[in-house]
Structure formats: C-alpha cells, structure tokens
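To start, the structure itself, in structure tokens.
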Amino acid sequence: MAEGRVEGISKVTGSGKYAAEYKVDNVCYGVIVGSTIPAGEIEAYHLDDAKEVAGVLDIITHLNRPSIPAFENEESIKKSGFSLPVLHTDKVFFKGQPIALVIAETLEDATYAASLVTATYKQSSFNVDFDTTHPSIPLAGTGKERGTMDAWSNAAFVADAEYNIKHEVHNPMEMHATIATWVSKDKLKLWDKNQGVNNVQGTLSRLWKMPAANIEVISEFVGGGFGAGLLVWPHVLMTVMAAQQVKRPVKVVLTRPQMFTLVGYRPQAWQKVKIGADKDGNFLGILHQSKHSKSVYDNYREGITRISRMLYKIPNAKTEEATVSLNLSAPTWMRGPGDCSGAFGLECAIDELSYQLKKDPVQLRLQNLATEIDPDTQKPWSTNFLNECVEKGAANIEWAKYRKAQPASVKEGDWMIGYGMACGMWFAGRSKASAGIKMQKDGTISVETAMTDIGTGTGTGMQNIAHDNLGIPKNKIKVNLGNSNLPAAPSQGGSTGLSTMSGAVVAACNEFRKKIAELASVVDEAYKHVNPADIVFTKNGVALQTQGNRPVSYENIFAKNNLEIIDVQATSGPGEERQKYAFCSGAAHFVRVKVHAKTGKVKVDKIVSVVDAGYVVNDKAAANQISGAAVGGLGMALTEEQLVDHKLGCVVGNDLAGYHFPVNADAPIIDVSFIGKPDVNINPAGAKGLGEVGIIGMAPAVANAIYNATGKRLRNLPITPDKVLMA
Amino acid sequence: MRPFTFQRIQSLDQASARKANDGHQCIAGGTNLLDLMKKNITVPEVLLDITKALPDQIETTAKGIRIGAMVRNSAAANHDLIRSKFPLVSKALLAGASPQIRNMASIGGNLLQRTRCPYFYDTTLPCNKRNPGTGCGAIDGENRMSAIVGYSTECVAVHPSDLCIALAALDANVIIRTTDKKETIIPFKDFHRLPGETPEQDNNLPVSGIITAVDIPSNQFFKNAAYVKLRDRESYAFALISVAAALELNGNKIVQARLASGGVAHKPWRWYEAEAFLKGKNATLETFQKAAAIVVKETKPLSNNAFKVPMLKGAVEVALQNCLNA
C-alpha cells in the first residue's frame, strides 16, 4: 500500500488554506441577494434600510455596478459565452438569481444588510415542472446511428421501459468562495475555489478584456468539486466587480442554500430504453432516448445516451436526446455527467432483459461486452478489460454462490436479500499540460503545475511519477499546485487530470535529466555525451548507471554553473495515438441489498467495485476515489433528490438537512480492486483517469439488486423507502 | 444575523423575569436557535444564556426520575439509570441528530425545537407558522415529510423531536418555573399544541416560563421497549415515521402498552386506541398487526405522503416485535 497524500498533513492540521481562509489586508465582505421571484424583470430596488446598517460600504446592482467590458451590449454578451450576465440585466430567470451584492466591513454586517434588501418586480409566467413539460419536447437524433431499427423488429426478447432521475446537487463540503483584489489598476489577483485556475484566469481575461498574464488565480487547496468548480460562476464576477467598486479586496463565500442554485447541479432526466436480443442473448438492437432539464438562459447539454453506443456489441443502435428549458438555475457537469445517468437506463434495461432471457446478468454482459473495438468509432480500444472487471467482481462477491435467479426468494425475517450488478464506462481522456521541476542546492526538488487537486490525489500521483522516473526519494520531492503562475494546465475534470499530468511530469523529468547532463558536463566532460536516462540521482549528487559511475555533487553543479536554482519546464499532450485507438476506463459494480418488507427500508450491505483504469499510480488515492464515487452512487440510487415546488417556482429544502446525500452509516465497507494493466498508448505512465467511472453503473447495480431482492422493478431514482413500499 | 445583546443569566428567577420582556429569548444548547437566527426566523434583541441557571443533573425522585433541563442529550442517552430503567428515552435520543449536535443540545431545548418543514425554514416561501397569514406552502406543495394526522388547513408541519416521542409514550411531565417562582407542571401530552388556527404557537409554555426539568414516572416498560425511526438516510435526517413502543408483560400477556409516533403530527402523537386494544392481549404478531391497523385508521395523508400510512403500519408492527427482543 502506498503512503499517504502529499497534502495530507496540511489538510488535517489546518495549515493548508482553502480559498476563503487567506488573510488579505483591508478585506471587506460581500453577501449576495437573490431574486425572490422565478421569472420577470426588476422594476426597482429598495436599499435604504440596508444602507443604514453600520459598516455597509456599498450595494451593487445592475444599475450601479462597474461594467464588465465583455457585457457591454446584447451582442457582446452573446459572444462572451457567459449565459447569465450577472448584474448586467434587469431580467430574472430563476428564483435566487443574484440581483445585488451588499458589501460591508464585516460578514455579519453584510449578511444583516443583505436581509434588508428588497426589490419590486414585474412578474412573468414561469415553468419549473420537468415531468409535465418534457412529453411535448421533441427528440432529435444524436451520435452516430448504426444499422436500422427494422433489423431487430423481430427480436425474440425485448425490454422496453422508461427511467427517471431527479435533480441532484454536488454540494462539496467547501462552499464556493472568492477573494478578489485589484493589485493595481490593471492587475487582478484572486483566491478562488475552482477546478482550474487557468480556466478562471482565461475567462476573466476575456470578460475584462485584459491580458491573462495580469490575472493571478490561486486555488491551492480545494474541498471537493465533483464538477461544480469547472465553470466560472456569477459570484466570481460579482466579487471582481465589487473589488473594483469599493477599491478594496472583497471576499464572497456562498451560503449553503446558495450552493443549491449558484454553482450548478445534475439535471433531472427522463430516459426510455428499448433493447432487443436473440434467443441466445446476443444483443440485436437498442433505441435509447433521453431528455434532461436545463435553464431557460443556458444551453447546457449532457450526452446521456452516449454510453449505449460504446459499451456493448450491438449491431443496430439509435440514440435521441432533447433538453427541457425551465426557470431554474443552470445545471452543469456533475461526477460522471451524462454517462452516469445513461448507465442507469441502459444497465437496468439489460437487467430486465436478463430476467426475460432467464440468463445470469453477469453472463449476459460477458457475452455482449465490446472489449476489442469501440462500436461507436470503430477504432480498436487501446485497452479494455471490462470483462475481467465483471469476472473479478463476480468472484469477489461470490455471485455464483449467493445470487438467486428467482427474485424475492431469499428472506431473513422481514428482510429480503438480493444481489445486483452493472457496468460503467468513461472515455479516458488526456489533454495538453505543462509541468516544471525546480531543484534546490540541497538536492530537493519541487514538481509544479497550475492544475488544481480537488481531493483526487493528483499531487500525490505527480510525486509518485517523479519518484519513479528520477529515483529521488519521495520526501525530497515537493509538489506545488493550483496557481496560475505555475506551468499551464487544463482544469481538473472529466477524469483527465492524472492522465494529463503524467505526460507533463514525465516530459519535465526528461527535460530535467537533459538539463542536469548539460550542467554536470561543466564539471565532468563525460556528461556531454551521456544518455540522460543513464543519470542516477543520489543523496549528494548525480552519477551514471553505466560508464563507470563518475559522481558529480550537487554542490559542484550549482557552483560551477553559478546557479541558485535549476529550473526546467516541459509540455506534453496527446498525439496520433488518438487517431489509432479509442480509450476508455471501465468498472463493474456488484452490490448486496437488504430490503425491509414492512417499512421499505433499503440497506446496501456489500459493495464490490472492480476498475480497469490502466496502471494504478497510487493504489491508496485510487481506491479512495472509487470508494467516494460508490457512496455518490448510493446517493444517486437511494437518497439524493432536490425538491422543486412547481407552484412557487423554486427549489425547496436547500440545506444539508433537506437534501439527503448519504452519510457514512449508509455505506458498507467498499471492496475496491483494480485490474492494473497499463495502457501503454495513452500516456507515459499507462494510467487512465478513474474519478468518474466509479459512480457510473453504481445506481443501476443497486436498483437491480432491489429487484432481485423484492421482485419490484423501481425505475425512478432515488429509490426512497416510500417508493419501495408503494410499488 | 442581526445584532443582539448577549446576557449571562445566573438564576432561574432572573431568567423567567427577563424572558417575559419583548425581544428576549433564552438560549441553552443553541443547536436549533442559531440556525433560526442565521435565517432571521428568530430575531431576538437580547439573548439570555441560561446554561448556568438550569439544573444539569439526573436524579431519582420518589415517583421516578428527574432530568434537569440543561442535561445534554448525549449525557442523558448514555446515563446508566436511563439506559437501564428508561431505555426508550436513550434509544430515541440516539436516533436523533448527530453526536456533535447531541453533545450540545439540552433536554429542555429539545422540547422547544421548531419544525423542520422546508417552507418554515426558507424565509422567501409562504408559511403560517413563521409568518402568520402568508399561507401554508406545504399543504399543496412538497409535503412528503408533512403530517398525516392532527393538521389543519393552516399548517401541516410535524414536530421534529425523537426524544419527545419517547417522553410522550412514557407520560412524562414538563416542570416549568414562572416569574411568580411557582413550579408549574404540564403533562407531556398537553405540552405541545396542534396547529389549528394558530400554528405559530408550538406549545403551551407560559411567556415567562422556563423548562427546568422533565420528570418520568417509574414504569415496568424497561424490559420491552423499542424505538423505530424510518428516514431518508441512516443518520442526520428527520423521521419520515418514528414509533416508540413499550410493553409491560406478564408472561406473554400484555399488561399495559404504550405507542407514540413522530413524523405524523404537529406534536408527539399517542395512539391511545391501539394501546387500549393491546391491553390484556397476548403478545403475538397477529395482535401487533391488529394494533397497527387500528393506528392507521386515524390517519389522513396529504397529496404527497400517502406512503406514510403503510410505512406507519409496518413501523408499528416492527416496533412492537422489537419490544419482545429488546
């Protein structure tokens, strides 16, 4: 087992600082006021009472805010790609939309004053009801259709059903927060909770029409993201505007209720899956249709049906999608976006088919998995060991021994016991990124990148990769992350972080070896002609693995080159392997559930997840990701649902008591294992991302187990006890 | 949060004298009050910290046990005497909140916590309890968590406490000190109110009244008591349905039974008719099923909580069965 995380001590001792925790001289505090209607126009603000509160410095609204250059007019707003021109419009699209920011000397003053701000509106009609609206929204083809629907119209077995998933909210523990300060008239500095400092920097640079180099963004520690930190949200722009207005640093921390409407959510979704098989269980065709909610002002779209084109050998496949515009805030990517929802429809439908076929769902999947060729692109998978995941998972939970083919056949008192499984898949991406290595005179190094580590273990992985490459002990390798001044990197999202960084860190290591050879050659000419890969790093200096050792001390290298620090940077990204191969991570999830016959209570008491994500750089951090994703999957399956009041036009229960993500007591010990075979084509480490794939397929595994336990097919998430009882 | 004055109170007399003043509000554990203050639902001008003035001991009395109002929920739950002679109280306490909250929350405060109805908690929504006359948002809205018995057209909120369900079942008494230095005793069943036309009033505590203790009479229920709580997750969630059940048995014969529920009404709800039915019967599954059927006869669910009826029926059966294996 690998040792702990590079940032572990800082996190548990509190020395690691999250965005809101930085002490900034002369800082003042902003509190957001949200609209109290779901649709309409602001006619007037009533600010007098708020202004009388001691300590209030200013209240900015769309009437008096400093203007954002890119929001100059309708045309430029459209071009900005920013769907909600916050404080640059009198229009209200959802309840809770920021309409003012109260700025005061203390958080308490600002909070109190914000409670006194009101507005008069011209109200418009609104709609927040997904279920009654979506039937009238037409579907449109998406993705590459293959074969025809006629080709399987005589399929011996067909499963055809509709599935629904409620609106879910990310709710990372750390609330989103921004401290903004104009260091000079044209220089901006931000401490901001996000999943990509260069993305924030680039976005602000476009909006304020100022050079990116003039904007520094720091996000060194991030208390969870799950996708909520991938975009620049309105509160960030409001903080920057406020700092401009009062000419002081301003801090804005979202409240927990604001976390439900101002930083995205997983949209509510409807799906219909029709899948056919021949009498032997070979899949013949699939029609997967889906619609999901979105905001009236935003065009967010996630590919819910994509997974049906990738996972199995299905000769005829058609996918159709649509979005449904509502007066709610904009949704965004949430862990396993699209595929996580789609897998619920697909993997439940296959389970339904397995009972029709009287075929073990494990066997049915093994028979149909597309492990050689990606059916969607027709490219060979670089590697795909999903079949091994399924086999290993079945063995680990002792599927063959305990799972009964007949539903509702195992009882312990009032408890009904059942087993279920499902697969997940996520594209294994890689982006271009840069990394740097700096060596100090004492031989310690730091590996650096702008990428954030949102809790995934990216920093630890980078340390591991540098250690593997250079042989320098881990306690002499520091990691610096999450600052836009560091070598550029994309956002941490879509399970691409480590895959991307591994390339960059290996490239930086190679660059560093070259640089060391060059610098050492000033001391010992033999280094002029060495293969840099031949250099070994020892306690006091470098030496050569072959060619007779020839040690050169760090002291000499620094002294003879007259250096204070050795500093290299390198950039690396995907190449032509992307033309040759398709890349994926895969997972098989198995669960055992107990369902109480009299009360509807569901208890998941065993989870086995087996993941194929190439080489595992750090088994501890990787298993951690999968366990966390499994708990997220339990939430999706059993507890998480954002209530929406259709009459009042808003979300209700917007706090952690009202929104039920799972607690530790809801999760059993999660048995995680990895296939661990490197994918030599994807990046130098052979490692693929695994943040998403752990949640994709978990919810259908639970639903399938509930069916096996009870004989009740529950197709609407979350499966709360009331649904079990009333089915 | 609005600015307020904070006063440390040294005696009960001082506490009840000041509490009657406008804008004065007592604080003990503060686990609910601080939430309410942060949301501007309760906006005191003066906070009276009564933690030093309230009794914080658990004592045996001639008739039973007295739990001081300042005893922390976790201390009561883990107290030997309560665990051995009043286990229903311990079980109910441990089913509530989280360890951190139980470590802060006081027994007196537990009785006074306010509903967790989401319409009450969001000040931008209508709620007669928070803002009389604005209407009840839940009655036609998201009322999955709301009442199925005893509600009115003005309010369908439920009382959130687990402890109170056990106290109602055990016929506890609420001991109250008022300004005239007199001790008032309110039987538990009369302490909390139904919403009627005044849902803003949760209970019958006099304006100057301070809860000083809760008395629980000695009983023979300690061998056969159970608390069943059904909720949307395993911890840190309010009850969809909860049932406190207690049996006094002579062999297999039920001498006396107690049944109370949370998650069903504006106040802890006793099922007297089912209790009467159980008396004198044999403690069998069949008897329990009949008692559960009597319980649900009284209920009248709202638009989104019909499930509470079968869930309540199941929970009553399970709780009574659990009494036999307690």
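Before moving on, here are some points about what is shown:
- Segments classed as helices (runs of 4 or more DSSP H), wholly inside region A:283-377, with at least 1 members that are more than 26 Å from A:GLU388 (Cβ to Cβ), modelled with pLDDT of 95 or more and out of contact with any Asp or Glu (no Cβ under 7 Å at 6 or more places or on another chain): A:339-357
- Only one of the listed residues (A:ILE286, A:ILE307, A:ILE373) is in the same structural domain as A:CYS423 (by TED's automatic domain parsing) and under 23 Å from the mean Cα position of the chain (by Cα). That residue is A:ILE307.
- Filter pass, A:ALA110 being touching a Phe, Trp or Tyr at 6+ places or on another chain (Cβ under 7 Å), over 28 Å from A:LEU326 (Cα atoms) and small (Gly, Ala, Ser): yes
- Selected residue (criterion: nearest to the other protein chains (Cβ to nearest Cβ)) from residues of region B:85-98 that are in a helix (DSSP H, G or I) and closer than 27 Å to B:ILE210 by Cβ: B:LEU94
- Residue, surrounded by the most Cβ atoms within 10 Å (Cβ to Cβ), within region A:593-611, restricted to residues that are within 18 Å of A:VAL663 (Cα to Cα) and more than 14 Å from chain B (Cβ to nearest Cβ): A:ILE607
- Selection from region B:293-326 of residues that are more than 9 Å from chain A (Cβ to nearest Cβ), in a helix (DSSP H, G or I) and either under 20 Å from B:ALA246 (Cβ atoms) or free of Cβ contacts under 8 Å to residues at least 60 places away in the same chain (or both): B:ALA293, B:ILE294, B:VAL295, B:VAL296, B:LYS297, B:LEU312, B:VAL316, B:ALA319, B:LEU320, B:ASN322, B:CYS323, B:LEU324
- Residue that is free of Cβ contacts under 8 Å to residues at least 60 places away in the same chain and either away from every other protein chain (no Cβ under 14 Å) or under 19 Å from the mean Cα position of the chain (by Cα) (or both), where the choices are B:THR124, B:THR153, B:THR134, B:THR115: B:THR153
Let's see how each residue does on (1) part of a loop (DSSP other than H, G, I, E, B); (2) surrounded by 14 or more Cβ atoms within 10 Å (Cβ to Cβ); (3) modelled with pLDDT under 95; (4) among the small types (Gly, Ala, Ser):
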| residue | (1), (2), (3), (4) |
| --- | --- |
| B:PRO3 | yes, no, yes, no |
| B:PHE6 | no, no, no, no |
| B:GLN14 | no, yes, yes, no |
| B:ASP22 | yes, no, yes, no |
| B:GLY29 | yes, yes, no, yes |
| B:LEU36 | no, yes, no, no |
| B:ASN40 | yes, yes, yes, no |
| B:PRO44 | yes, yes, no, no |
| B:LYS52 | yes, no, no, no |
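- Residue satisfying all of: in region A:11-60; in contact with a strand residue (DSSP E or B) (Cβ under 6 Å, 6 or more places away or on another chain) and of a type in the set (Asp, Glu); farthest from A:SER219 (Cα to Cα) among these: A:GLU43
- Residue in region A:509-522 that is outside any helix (DSSP H, G or I), aliphatic (A, V, I, L, M) and surrounded by fewer than 20 Cβ atoms within 10 Å (Cβ to Cβ) present: yes
- Leading residue by the ranking (surrounded by the most Cβ atoms within 10 Å (Cβ to Cβ)) among those in region A:42-77 that are among the acidic types (Asp, Glu) and farther than 16 Å from A:VAL117 by Cα: A:GLU72
- The residue of region B:1-46 that is farthest from the other protein chains (Cβ to nearest Cβ), among those that are aliphatic (A, V, I, L, M) and under 16 Å from B:GLN113 (Cα atoms), is B:ALA28.
- Among the residues here, A:ALA228 qualifies as under 29 Å from A:CYS650 (Cβ atoms), assigned to a loop (DSSP other than H, G, I, E, B) and at pLDDT 95 or above.
Condition check ((1) over 22 Å from A:ILE137 (Cα atoms); (2) in contact (Cβ under 8 Å) with a residue 24 or more places away in the chain; (3) not aromatic (Phe, Trp, Tyr)) across all residues:
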{"residue": "A:GLY281", "(1), (2), (3)": "yes, yes, yes"}
{"residue": "A:LEU287", "(1), (2), (3)": "no, yes, yes"}
{"residue": "A:TYR297", "(1), (2), (3)": "no, yes, no"}
{"residue": "A:ARG301", "(1), (2), (3)": "no, no, yes"}
{"residue": "A:ILE304", "(1), (2), (3)": "no, yes, yes"}
{"residue": "A:LYS313", "(1), (2), (3)": "yes, yes, yes"}
{"residue": "A:ASN316", "(1), (2), (3)": "yes, yes, yes"}
{"residue": "A:GLU321", "(1), (2), (3)": "no, yes, yes"}
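- Residue in region A:189-209 that is in a loop (DSSP other than H, G, I, E, B), surrounded by 23 or more Cβ atoms within 10 Å (Cβ to Cβ) and β-branched (Val, Ile, Thr) present: no
- Every residue from region A:310-341 that is closer than 30 Å to A:SER153 by Cβ and within 16 Å of the chain's Cα centre (by Cα): A:GLY338, A:ASP339, A:SER341
- Within region A:91-147, if we keep just the residues that are among the charged types (D, E, K, R) and more than 32 Å from the chain's Cα centre (by Cα), the residue that is farthest from the other protein chains (Cβ to nearest Cβ) turns out to be A:LYS122.
- Any chance A:GLY697 is crowded, with 24+ Cβ neighbours inside 10 Å, at pLDDT below 95, away from chain B (no Cβ under 14 Å) and under 18 Å from A:GLY628 (Cα atoms): no
- Assessment of region A:265-272 against the conditions (over 24 Å from A:GLY494 (Cα atoms), in a loop (DSSP other than H, G, I, E, B) and either in contact with a His (Cβ under 8 Å, 6 or more places away or on another chain) or small (Gly, Ala, Ser) (or both)) yields no matching residue.
- Scoring A:ASN562 on the criteria (1) touching a strand residue (DSSP E or B) at 6+ places or on another chain (Cβ under 6 Å); (2) away from chain B (no Cβ under 14 Å); (3) assigned to a loop (DSSP other than H, G, I, E, B) leaves a single failure, condition (1).
- Within region A:48-71, being under 19 Å from A:GLN244 (Cα atoms) and either at pLDDT below 95 or polar (S, T, N, Q) (or both) holds for A:THR61, A:ASN64, A:SER67.
- Qualifying residue in region A:257-269 (condition: out of contact with any Phe, Trp or Tyr (no Cβ under 8 Å at 6 or more places or on another chain), surrounded by fewer than 20 Cβ atoms within 10 Å (Cβ to Cβ) and among the charged types (D, E, K, R)): no
- Residue match in region A:519-530 (condition: under 19 Å from A:VAL617 (Cα atoms) and not hydrophobic (A, V, I, L, M, F, W, C)): no
- Hits in region A:358-394 - residues which are buried (at least 16 other Cβ atoms within 10 Å of the Cβ) and free of Cβ contacts under 8 Å to residues at least 24 places away in the same chain: A:THR371, A:ASN387
- Region A:623-666: number of residues that are among the basic types (Lys, Arg) and more than 8 Å from chain B (Cβ to nearest Cβ): 0
- Residue match in region A:431-442 (condition: in a helix (DSSP H, G or I) and not assigned by TED's automatic domain parsing to the domain that holds A:GLY686): no
The values are calculated or read from the model by the stated rules, or taken from the named source; none is laboratory data. All values reported here derive from a predicted model rather than from experimental measurement. Reconstructed Cβ throughout: ideal geometry from the backbone, glycine too, with neighbour counts over all protein chains shown.
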